[in-house]
Amino acid sequence: MLPLVQIKNLSISFVQDDKILAAVKNISFNILGGKITALIGESGSGKSVTALSFLQLLPAQAKLTGNMLFSEDGADSEDLLHSSVSAMQQFRGNKIAMIFQEPMTSLNPVHTCGAQVMESLMLHKKMNKQAAKKATIELFEKVELPRPEEMINRYPHQISGGQKQRIMIAMAMSCDPALLIADEPTTALDVRVQKNILLLLKKLQAENGMGILLITHDLSLVADVADEIAVMYKGEIVEAGFAKEILEAPQHNYTKALLACLPTVNSKGKRLPVIEDYLQNTISSIQESSESSSIPSSEIVLKVENLSVSFPTKKNILGKTLADYKAVDDVSFTVNKNETVGLVGESGCGKTTLGRAILNLVKPTSGNIYFKEKNISKATDTEMRLIRKELQIVFQDPYGSLNPRLSIGDAITEPMKVHNPTSTQKRRKEKAIHLLEEVNLNTSFLNRYPHQFSGGQRQRICIARALALEPNFLIFDESVSALDVSVQAQVLNLINDLKAAHNFTSIFISHNLAVMHYISDRIMVMKNGKIIETGSADEVIFHPKETYTKELLNAVPNSKLIY
């Protein structure tokens with residue numbers, strides 16, 4: 001029986017400024033029906049370009065050679081690379097579906113979530129509107145979206161990042177495709193939902209005999225679900241075979257490096273290895289203890305008392321709130337000087353809302369926030385502008401938080417102009433260069449724009465911008481969640497180095513428990529807007545008290561790679 005897809009000698013290049021840039025170099029591998037094939041590698045290795053070629057979604061300047069033979073149920077194969085436009089319309093969404101990497105930019109902001117899924121059902125399955133609506137609600141239930149009847153009427157900006165990703169998964173699975181291409185499908189999801197989504201994909205795969213191409217940088221995820229693995233590095237397949245064999249006995253140094261970059265319990269207090277350590281045979285350097293960990297003092301920098309944040313869900317015609325949703329519910333905690341406090345919980349539990357409320361970017365409904373003994377929950381906009389020199393945030397989505405029209409140099413110097421208007425342009429530029437050097441970026445990048453950088457580079461730029469005003473308190477909101485393991489290790493090492501250099505206090509928001517244990521002194525667990533457990537990093541990870549915390553830990557994919 002023929003494989004579902006046979007990729008033969010595929011090469012993809014792009015013409016840019018009269019130069020030919022090779023993105024994929026003569027790769028060959030198969031995808032079997034009823035199996036999960038994982039394509040793993042760092043950002044920029046060619047994984048997503050390969051995936052987009054399945055559906056002819058690459059730009060016109062892309063030059064492709066080779067073959068990609070699709071054969072459903074043993075039927076005659078069709079070359080996807082050379083199919084007509086009309087033939088591809090039958091493949092897209094119907095026989096081959098794709099879950100894109102960034103749900104925020106993949107969903108149409110002017111249509112409701114329900115309408116976008118219903119459109120696929122009405123187009124490919126010829127359903128009427130009523131039947132499509134019923135099927136959409138059922139799909140939303142399968143991917144565990146809360147209140148699916150309400151969710152179909154919400155717009156993308158009204159739901160969390162994890163919920164947007166689940167909408168994309170529901171849309172991709174709506175037509176029961178023979179091949180599902182999942183490009184980083186669980187990046188924005190917490191561990192429990194991640195596990196449920198993967199179980200759902202495996203269940204649907206078993207029911208339909210569906211083949212899955214799983215593109216990911218999360219090796220613990222791969223270890224749990226993949227049947228076969230292809231490791232991609234700089235456009236080439238450097239290692240391929242059965243998942244268990246490659247994970248237990250990797251042959252290529254690059255594969256070994258990807259596995260070593262994962263934070264483990266033994267790496268706390270040490271520098272994490274990065275790809276170059278293995279490829280340049282300097283791995284012994286990673287065993288050195290990190291000098292970056294500063295000891296928290298007993299001085300309280302931030303005190304939150306009975307904080308609540310509510311959002312109206314229903315209003316009458318006069319604008320009066322009839323019903324609301326409590327995103328943060330009566331939360332109280334303190335943060336000491338030089339301490340890193342981890343905030344962990346599922347998507348939608350209120351982590352990001354809490355972080356933004358501390359900065360007054362979201363107005364608290366009730367409660368008090370004391371920063372250096374000053375009640376900032378009652379501060380005016382003018383007072384908050386002064387306070388924000390000391391209190392900064394690194395947002396979850398680096399691409400969305402950088403102005404695409406501003407060069408990187410302008411993005412970093414802009415806060416200096418606002419808060420210190422008497423500073424000279426020369427002085428601001430010198431400081432921007434120094435900040436780029438601190439976050440390990442080339443100073444020649446100063447005049448480039450956000451779209452010219454990788455995800456990891458953009459995240460470092462956001463960290464440099466947050467440090468421009470020399471704050472002593474930083475909030476990191478899912479700052480490494482979308483990064484591949486090697487870049488994640490680089491950013492975590494960078495954060496530790498900067499803590500040592502600047503002695504700042506921080507709240508680190510994440511759903512990755514291994515990262516949380518590595519970076520945090522203390523961890524707070526959040527559920528349904530409430531903090532249900534607090535303790536040292538070791539106490540929460542190794543001796544959890546709450547059932548919910550235990551469930552989060554049990555849901556960590558293939559935890560033996562981490563613990």
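The values are calculated or read from the model by the stated rules, or taken from the named source; none is laboratory data. These figures come from a predicted structure and were not determined experimentally. Cβ placement follows ideal geometry from the backbone for every residue including glycine, while neighbour counts extend to all protein chains displayed. For the accessible areas, the whole protein counts, side chains as well, though only heavy atoms, and no ligand, DNA or RNA atoms are used. Shrake-Rupley method; radii C 1.70, N 1.55, O 1.52, S 1.80 Å.
Against the condition more than 18 Å from the chain's Cα centre (by Cα), more than 27 Å from residue 45 (Cα to Cα) and either assigned to a helix (DSSP H, G or I) or at pLDDT below 85 (or both), how does residue 464 come out, does it pass? When the stated conditions are applied, residue 464 does not pass them. Taking segment 141-156 as the range and being of a type outside the set (A, V, I, L, M, F, W, C) and open to solvent by less than 90 Å² (accessible area, probe 1.4 Å) as the test, the residues that pass are 146, 148, 154, 155, 156. In segment 301-313, the residues that are closer than 15 Å to residue 341 by Cβ form no Cβ pair under 7 Å with any partner that is among the acidic types (Asp, Glu) and open to solvent by 10 Å² or more (accessible area, probe 1.4 Å), whether six or more places apart or across chains. Of everything in segment 220-241 that is open to solvent by less than 10 Å² (accessible area, probe 1.4 Å) and not β-branched (Val, Ile, Thr), the residue that is nearest to residue 38 (Cα to Cα) is 230. Those helices (runs of 4 or more DSSP H) of segment 141-260 in which at least 3 residues are in contact (Cβ under 8 Å) with a residue 60 or more places away in the chain, considering only elements entirely within it, cover 161-173, 191-208, 219-225, 253-260. Scoring residue 48 on the criteria (1) within 27 Å of the chain's Cα centre (by Cα); (2) open to solvent by 10 Å² or more (accessible area, probe 1.4 Å); (3) more than 24 Å from residue 250 (Cα to Cα) leaves a single failure, condition (3). Scanning segment 528-544 for residues that are in contact with a strand residue (DSSP E or B) (Cβ under 6 Å, 6 or more places away or on another chain) and open to solvent by 50 Å² or more (accessible area, probe 1.4 Å) turns up 530, 532, 534. Scanning segment 85-140 for residues that are surrounded by 14 or more Cβ atoms within 10 Å (Cβ to Cβ) and acidic (Asp, Glu) yields 102, 119. Which of the residues spanning segment 444-455 are over 17 Å from residue 494 (Cα atoms) and either over 25 Å from the mean Cα position of the chain (by Cα) or not in a loop (DSSP other than H, G, I, E, B) (or both)? Selection gives 444, 445, 446, 447, 450, 451, 452. Filtered by the rule that a residue be open to solvent by 10 Å² or more (accessible area, probe 1.4 Å) and touching a Gly at 6+ places or on another chain (Cβ under 9 Å), segment 492-512 gives a lone residue, 511.
Residues of segment 383-406 include none that is of a type in the set (Asp, Glu) and farther than 30 Å from residue 350 by Cα. Remark: pairs (first residue in segment 28-39, under 13 Å from residue 239 (Cβ atoms); second residue part of a strand (DSSP E or B) and open to solvent by 40 Å² or more (accessible area, probe 1.4 Å); Cβ separation under 9 Å; 6+ apart in sequence or on different chains) = 29/228; 29/237; 29/240; 38/228; 39/237.
For segment 265-281, the candidate set comprises residues that are in contact (Cβ under 8 Å) with a residue 12 or more places away in the chain and surrounded by fewer than 16 Cβ atoms within 10 Å (Cβ to Cβ); within that set, the residue that is farthest from the chain's Cα centre (by Cα) is 279.
Remark: pairs (first residue in segment 455-480, farther than 18 Å from residue 339 by Cα and touching a residue at least 12 places away in the same chain (Cβ under 8 Å); second residue among the aromatic types (Phe, Trp, Tyr) and in a helix (DSSP H, G or I); Cβ separation under 9 Å; 6+ apart in sequence or on different chains) = 455/399; 457/445; 458/399; 461/445.
Screening segment 57-77 for residues that are surrounded by fewer than 17 Cβ atoms within 10 Å (Cβ to Cβ) and of a type in the set (D, E, K, R) and picking the one that is farthest from residue 180 (Cα to Cα) gives 63.
Checked against (1) open to solvent by 10 Å² or more (accessible area, probe 1.4 Å); (2) under 19 Å from residue 411 (Cβ atoms), residue 488 meets all criteria but (2). Checking 14, 54 one by one, the residue that is surrounded by fewer than 20 Cβ atoms within 10 Å (Cβ to Cβ) and hydrophobic (A, V, I, L, M, F, W, C) is 14 and no other. Residues that are open to solvent by 50 Å² or more (accessible area, probe 1.4 Å), in a loop (DSSP other than H, G, I, E, B), free of Cβ contacts under 8 Å to residues at least 60 places away in the same chain and in contact with a Leu (Cβ under 7 Å, 6 or more places away or on another chain) occur in segment 427-441; there is at least one.
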